[in-house]
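Step one of this worksheet: look at the structure below.
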Amino acid sequence: MSHDLDDINTSELVEMARKVGHGNAARDREALYDALEYDDPPPTDALEDCRQVMEDHITRNYRKLRTQLPGCNGKCVSFGCPDLVVQRCWMGIKKFIL
C-alpha cells in the first residue's frame, strides 16, 4: 500500500511521533503511520514516568553516577531508550530514587 510518509525513514517517523506526544513510539511503520495521521490522543506509555524520574535523578547525580552508566548518557526521555532497557535500568535504580 502506497503511503504519503513512505519517503521518510523510520527514525524520522519515530522522532515525528515523539514530537506530537507519542512518547517512545514503536518502530513499526504502520503503527507510526496511524499515530501521525489520526488526531486521537497518544497512547499512554506506562514507562514514560519511569523515564522522566530516572532522567531527573541521573541529571541531579551525574557526577556520582557517570562511571555506573557505561554507554548511557542519562537522557532516558529525550533519547527514548527501548522499553526493555528502561525496565532493566528502573529495576536497578528505583531503590535509590524512591
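Screening the chain for helices (runs of 4 or more DSSP H) wholly inside it with 3 or more residues that are surrounded by 11 or more Cβ atoms within 10 Å (Cβ to Cβ) and either modelled with pLDDT of 80 or more or among the polar types (S, T, N, Q) (or both) returns the ranges 10-19, 48-60, 83-97.
In this structure, is CYS81 over 20 Å from SER11 (Cα atoms) and touching a residue at least 24 places away in the same chain (Cβ under 8 Å)? Against the criterion (over 20 Å from SER11 (Cα atoms) and touching a residue at least 24 places away in the same chain (Cβ under 8 Å)), CYS81 does not qualify.
The values are calculated or read from the model by the stated rules, or taken from the named source; none is laboratory data. What you are looking at is a predicted structure, and each value in this text was computed from that prediction instead of being measured. Cβ atoms come from the backbone with ideal geometry, glycine included; neighbour counts cover every protein chain shown.
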